[in-house]
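Structure, as structure tokens:
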């Protein structure tokens, strides 16, 4: 038996708002009005204000004087920068995983990959995007590096915002599933060169689809 952890209300609210931004419930550019959100969430404005400030500090919301707080909007340059940064972090994570137990990590990633495949089969693009993100988050977590995980946290929120659009860019969602399957198999085999090549091409392909210019 362990004591039940009581999290600060602002942290819980920030997590709910982040989830809503990631899944598109709160769309890019949407205003995060205090009165409306406080009523919807059943909270007071104090912790809500603190939660909004957390989002601004994380870079997934922006504050405009005399106007309020808004969900960020991503342009093509943002997309390129997000995926470039993700490549650096996930390659670093893979180096650490390869030095630990790549087969064990491949097995864990395989579970998320099966969720991706099931979502693609039933053409549930929202579930596909969520499983995609879960797989990449797990990969970074398996590195054991708290700093890589910390750096990746905001990137993953921004990437999740992109993924809703990205899954639509695949005529056959199974192609996205197969890309991830190849990455997992390279990791399982401990083939560093192939793993890095596949991961880099996976990120470049996302940029080509999301920011073709």
query = Since residue 105 meets every condition but one in (1) within 18 Å of the chain's Cα centre (by Cα); (2) buried (at least 20 other Cβ atoms within 10 Å of the Cβ), which condition does it not meet?
reply = (1)
query = Quick check, is residue 79 surrounded by 14 or more Cβ atoms within 10 Å (Cβ to Cβ) and over 13 Å from residue 162 (Cβ atoms)?
reply = no
task = With respect to residue 91, determine if the residue is under 21 Å from the mean Cα position of the chain (by Cα) and under 16 Å from residue 184 (Cα atoms).
result = yes
message = Conditions first: (1) surrounded by 16 or more Cβ atoms within 10 Å (Cβ to Cβ); (2) under 19 Å from residue 22 (Cα atoms). Residue 124 passes all but one, so which condition is the exception?
response = (1)
task = Using the structure shown, decide if residue 91 is under 21 Å from residue 182 (Cβ atoms) and surrounded by 22 or more Cβ atoms within 10 Å (Cβ to Cβ).
result = no
inquiry  = I'd like the full set of residues that are at pLDDT 95 or above, surrounded by fewer than 20 Cβ atoms within 10 Å (Cβ to Cβ) and in contact with a helix residue (DSSP H, G or I) (Cβ under 8 Å, 6 or more places away or on another chain), limited to segment 138-178.
reply    = 138, 141, 144, 145, 148, 149
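Does at least one position in segment 59-74 carry a residue that is surrounded by fewer than 17 Cβ atoms within 10 Å (Cβ to Cβ), out of contact with any helix residue (DSSP H, G or I) (no Cβ under 6 Å at 6 or more places or on another chain) and in a helix (DSSP H, G or I)?
no
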inquiry  = If residue 24 meets every condition in (1) loosely packed, with under 15 Cβ neighbours inside 10 Å; (2) on the phi > 0 side of the Ramachandran plot apart from one, which number is that one?
reply    = (1)
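Looking at this structure, is residue 43 in contact with a helix residue (DSSP H, G or I) (Cβ under 7 Å, 6 or more places away or on another chain), surrounded by 14 or more Cβ atoms within 10 Å (Cβ to Cβ) and in a loop (DSSP other than H, G, I, E, B)? So that I can check it myself, show each step before the final result.
Working: in contact with a helix residue (DSSP H, G or I) (Cβ under 7 Å, 6 or more places away or on another chain): yes; surrounded by 14 or more Cβ atoms within 10 Å (Cβ to Cβ): yes; in a loop (DSSP other than H, G, I, E, B): yes.
When the stated conditions are applied, residue 43 passes them.
The values are calculated or read from the model by the stated rules, or taken from the named source; none is laboratory data. Given the structure is predicted, the values throughout are model-derived calculations rather than measurements. Quick reminder, even Gly has a Cβ in these numbers, built from the backbone with ideal geometry, and neighbours come from all protein chains shown.
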